[in-house]
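Note sheet for the following structure.
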Amino acid sequence: MSPTETPHPPAIHQLVIKPIFDALEPREKFYARYFARAAWHGSKIIMQQVSPESPDIFDFIMDLYHACGGKWDTLVTQCNITSEELTSFLEYAAVFLCNLGNFYSEGDQKFVSDLSVDALHKISNMFPKTKAGLEKIMGPLLVVPPFNLGYPSNNAQSRYYTGTELISQQEIAKVSEAMDKHSIGPENTRIRKLVADGKPIYQLLQAAAETGVPSNNLHELADGIFLVRGDHSEELSKVCFALTKAKEYAGNNKQTQFLEHYIECFRTGSLEAF
């Protein structure tokens, strides 16, 4: 097995939560449910931040799960694959879902499936949706480089620096200086470099449900550096909705205040609220 292939077998443990959930009071069950919904929507953001292909790999796994009704063993006869090939796919899916992307969350190293192209086609071709989904991810699913996450190079990639224009270390330092000057943290931002009329433009993409200019009218941080709110707006709007519903079932003032701060942070992008 190469360093980038998924381990055989990965350690898989079932989390038995039904007895615990059943023991909750009705209010607590609703509270937990809406928190879970917020986490589900938030997981899409994590995958988008890991790699461009991660959301599509996730959709492929889930579409295949729904196509077989969760009865994975039926794919052996339906798709004319071996039980070993099915196991290999499920092991890759397990590692992917654990890390919410195709890079390890610890170490940032990419892992790839050891399934053959032929086996992947057999698995996907039974269903139109998965056949189309595989076409989007076949290359990134099997190929390295990139080997890891990091400053963009021949061997590494990063979703923190978006767009097609390569950004230099000096340019990053320039944007970071403007961020420090305006007390903007890097935790919920990304940098996108554009070129307009031969001049570089740097957009600091801030994760927030709201879009447009902030209430403090802070838009241009420095010459050619602009704050753009609304990164991951769709997902964060859903997160805020779920947390607002969870707040209705809060058990005390501390839980209510905790959720209000979270909602304000995800809605506006302000880390001060967080």
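Less than 14 Å from a label point 7 Å out along the Cα-to-Cβ axis of ARG33: which backbone N atoms in the stretch 236-271 qualify, by residue?
Taking a point 7 Å out along Cα→Cβ of ARG33, the residues of the stretch 236-271 whose backbone N falls under 14 Å are 242-243, 245-250.
Among 241-248, 263-270, how do they line up by average Cβ neighbours within 10 Å per residue, starting with the highest?
263-270, 241-248
With both bridge residues required to lie in the chain, what share of the DSSP beta bridges run antiparallel, to the nearest 5%?
Percentage antiparallel, nearest 5: 55.
List the residues whose amide H sits under 5 Å from the amide H of LEU205, counting only those 5 or more places along or on another chain, with H placed 1.01 Å from N in the peptide plane.
Under 5 Å from the amide H of LEU205 lie the amide H atoms of ARG190, ILE191, ARG192, VAL228, each far enough along the sequence or on another chain.
Would you mind counting up the charge near GLN206? Only other residues with Cβ under 9 Å from its Cβ, with Lys and Arg at +1 and Asp and Glu at -1.
With Lys, Arg at +1 and Asp, Glu at -1, the neighbours total +1.
Using Cβ counts within 10 Å as a stand-in for footprinting exposure, how do ASP223, ASP197 rank, fewest first?
Neighbour counts put them in this order, fewest first: ASP197, ASP223.
For labels at HIS219 and VAL76 in the simple 7 Å Cα→Cβ model, what's the distance in nm?
Computed distance between label sites HIS219 and VAL76 equals 6.2 nm.
Taking one equal scatterer on every alpha-carbon of the chain, how large is log10 of I(q)/I(0) by Debye at q = 0.12, 0.15 1/Å?
Debye curve over Cα of the chain, log10 I(q)/I(0) at q = 0.12, 0.15 Å⁻¹: -0.93, -1.21.
Among MET179, MET47, which comes first, second and so on when ranked by fewest other beta-carbon atoms within 10 Å?
MET179, MET47
Counting each DSSP H run of 4 or more residues in the chain as -39500 (n - 2.57), what helix-only mean residue ellipticity at 222 nm follows after dividing by all residues, to the nearest 500 deg cm²/dmol?
Mean residue ellipticity, 222 nm, calculated: -15500 deg cm²/dmol.
So what is the relative contact order of the chain, in percent, for Cα pairs below 8 Å that sit 6 or more residues apart? Please list the in-between numbers first.
On the way: 377 pairs, mean separation 52.7, N = 274.
This gives 19 percent for the chain.
How much length is gained on full extension from ALA94 to SER116, taking 0.36 nm per residue of separation minus their Cα-Cα distance?
6.1 nm
For each of TYR65, TYR34, TYR161, count neighbouring Cβ atoms within 10 Å of the residue's Cβ, then give the residues from fewest to most.
TYR65, TYR161, TYR34
Going by Cα centres, the stretch 88-139 and the stretch 186-263 are how many Å apart?
31
Compute and list, largest first, the equivalent-ellipsoid semi-axes of the stretch 160-231 from the alpha carbon gyration tensor, each √(5λ) rounded to a whole angstrom.
For the stretch 160-231, the semi-axes come out at 18, 13, 12 Å.
What percent does the relative contact order of the stretch 32-146 come to when contacts are Cα pairs within less than 8 Å and at least six residues apart?
30
The numbers here are math on the coordinates, done by the rules we state, and not lab data. Every value quoted in this text rests on a predicted model; they were computed, and no experiment measured them. Note that each Cβ is placed from the backbone with ideal geometry, even for glycine, and that neighbours are counted across all protein chains shown.
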